[in-house]
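Remarks on the structure that follows.
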Amino acid sequence: MPESRDTLQCLLELLQHIPRHPQSITVAALRDALARNGFTLTERSIQRHLATLSQTLSITTIDEREKPYRWCWAPSAQGLTIPALSRTAALTLLMAEKHLQGLLPQPMLKELGAYFEAARRALASSSEGPRRWLDRVRIVPPAQPLFAPAIAADVHEAVSKALLDSRQLRIKYQKRGEKSTKDWTIHPLALVQRGPMFYLYCRLFDYPDPRTLALHRIKSAELLDDKVDAPEGFDLDRQIEAGTWGFGAGQQIELDLYFYNKAGDHLIETPLAADQQITEFSNGELRLKARVADTPQLRWWILSIGDGVEVKKPKRLRDQIAETAKATAALYQ
């Protein structure tokens, strides 16, 4: 154990990671949780501490016939008292619980359970204003809302641990439209949320170019001891700017668009690109020039505006949009 942390601090940290029944946690999981917070203990040491604490506190094992043993606070236990939260901290915690479920590491999310409960109690006893905030704030998607696909909890947890510890995974992946799964060893690099979907960006085997996998199509995931071999200079933000999750190949184009009937007015306040140039005309038309990533997402956006926009350049994109528009019109003949 680090010299700067005494035994009491370690025991308090240990108790905070034990969930209330019916949830439970193994000694191995407790060891990992403590290690993330700077306490290095063996499983045997943790077992001794738990046995001692259980004599005076309401912590117990779920079923001693089942191994490894799983520990929890008894249903009637008060648990470990967390220092009183301010209204600001409580509100922030509950907003995080609501909106960051899929992006927070799953092992850490479990550890935060007691804090979320404390936050709910803190707001319940506070003035009406902070409690009202949770009922007055929502995030609304700009596109047609879609339900999120189900992600296996054990897969999500394994992916979280792999990203936290920079470890490889052995997965079974089911491609869309296929009944069988593929066995792959992957190097997880990043987790990205796009609308209701979560994507794992990773290298497959020793292939150099990363790929994007839909997280819900991973049917099983086994954490390996081998470390991730990331591409040299990998930068997640650069990948986003290149349009990777617009499902493009990273090419940039010089876009020239004409908007009619004020269909492009929103781009004055919400730019398409940092370098965009807009020219407004007295008849309500608008011209936009910008350098953007060439992606299917860009095409979907242009097509969603219908006859309110015309692609002037590049010619290849103009031809593609015109072809799609003709095919769409033919469906309604």
**Complete:** Counting only residues in region 192-227 that are surrounded by fewer than 19 Cβ atoms within 10 Å (Cβ to Cβ) and β-branched (Val, Ile, Thr), the one farthest from Lys182 (Cα to Cα) is identified as Val192
**Message:** I'd like to know if region 10-25 contains one or more residues that are in contact with a Pro (Cβ under 8 Å, 6 or more places away or on another chain), of a type in the set (A, V, I, L, M), at pLDDT below 85 and surrounded by 14 or more Cβ atoms within 10 Å (Cβ to Cβ).
**Reply:** no
**Request:** Look through Lys161, Lys175, Lys179 and report the one residue that is in a loop (DSSP other than H, G, I, E, B), surrounded by 10 or more Cβ atoms within 10 Å (Cβ to Cβ) and either modelled with pLDDT of 95 or more or not hydrophobic (A, V, I, L, M, F, W, C) (or both).
**Result:** Lys175
**Asked** In this structure, does Ser220 turn out to be touching a residue at least 60 places away in the same chain (Cβ under 8 Å) and not β-branched (Val, Ile, Thr)?
**Response** yes
**Message:** What's the number of the only condition in (1) within 29 Å of Val192 (Cβ to Cβ); (2) modelled with pLDDT of 80 or more; (3) buried (at least 17 other Cβ atoms within 10 Å of the Cβ); (4) not small (Gly, Ala, Ser) that Pro107 fails to meet?
**Reply:** (2)
**Message:** Which of the numbered conditions does Ser220 fail, given that it passes all the others? Conditions: (1) closer than 30 Å to His21 by Cβ; (2) hydroxyl-bearing (Ser, Thr, Tyr); (3) part of a loop (DSSP other than H, G, I, E, B).
**Reply:** (3)
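More than 30 Å from Thr212 (Cα to Cα) and surrounded by fewer than 11 Cβ atoms within 10 Å (Cβ to Cβ): which single residue out of Glu269, Glu280, Glu285 fits that description?
Values: Glu280 fails: surrounded by fewer than 11 Cβ atoms within 10 Å (Cβ to Cβ); Glu285 fails: surrounded by fewer than 11 Cβ atoms within 10 Å (Cβ to Cβ).
Being more than 30 Å from Thr212 (Cα to Cα) and surrounded by fewer than 11 Cβ atoms within 10 Å (Cβ to Cβ) holds for just one of Glu269, Glu280, Glu285, which is Glu269.
Within region 211-236, how many residues are closer than 18 Å to Asp32 by Cβ and either hydrophobic (A, V, I, L, M, F, W, C) or under 15 Å from the mean Cα position of the chain (by Cα) (or both)? I'd like the intermediate steps shown before the answer.
Within region 211-236, the subset closer than 18 Å to Asp32 by Cβ is 221-228.
Checking the rest, the ones that are also either hydrophobic (A, V, I, L, M, F, W, C) or under 15 Å from the mean Cα position of the chain (by Cα) (or both) come to 221, 223-224, 228.
Count: 4.
In region 302-317, what residues are outside any loop (DSSP other than H, G, I, E, B) and surrounded by fewer than 16 Cβ atoms within 10 Å (Cβ to Cβ)? Lay out the reasoning, then the answer.
Of all residues in region 302-317, those outside any loop (DSSP other than H, G, I, E, B) come to 302-304, 306-313, 315-317.
Those that are outside any loop (DSSP other than H, G, I, E, B) and surrounded by fewer than 16 Cβ atoms within 10 Å (Cβ to Cβ): Leu303, Ser304, Gly306, Asp307, Gly308, Lys312, Lys313, Lys315, Arg316.
Residue by residue, here is whether (1) touching a residue at least 60 places away in the same chain (Cβ under 8 Å); (2) in a strand (DSSP E or B); (3) of a type in the set (Gly, Ala, Ser); (4) assigned by TED's automatic domain parsing to the domain that holds Tyr201 holds:
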| residue | (1), (2), (3), (4) |
| --- | --- |
| Gly233 | no, no, yes, no |
| Glu254 | yes, yes, no, no |
| Asn283 | no, no, no, no |
| Val292 | no, yes, no, no |
| Leu298 | no, no, no, no |
| Ile321 | no, no, no, no |
**Item:** Selection status of Gln23, among the polar types (S, T, N, Q), in a helix (DSSP H, G or I) and either within 19 Å of Tyr115 (Cα to Cα) or touching a Cys at 6+ places or on another chain (Cβ under 9 Å) (or both)
**Value:** no
**Request:** Go through region 76-101 and count every residue that is surrounded by 17 or more Cβ atoms within 10 Å (Cβ to Cβ) and modelled with pLDDT of 80 or more.
**Result:** 7
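The values are calculated or read from the model by the stated rules, or taken from the named source; none is laboratory data. All values derive from a computational prediction rather than experimental measurement. All Cβ positions, glycine included, derive from the backbone under ideal geometry; neighbour counts span all protein chains shown.
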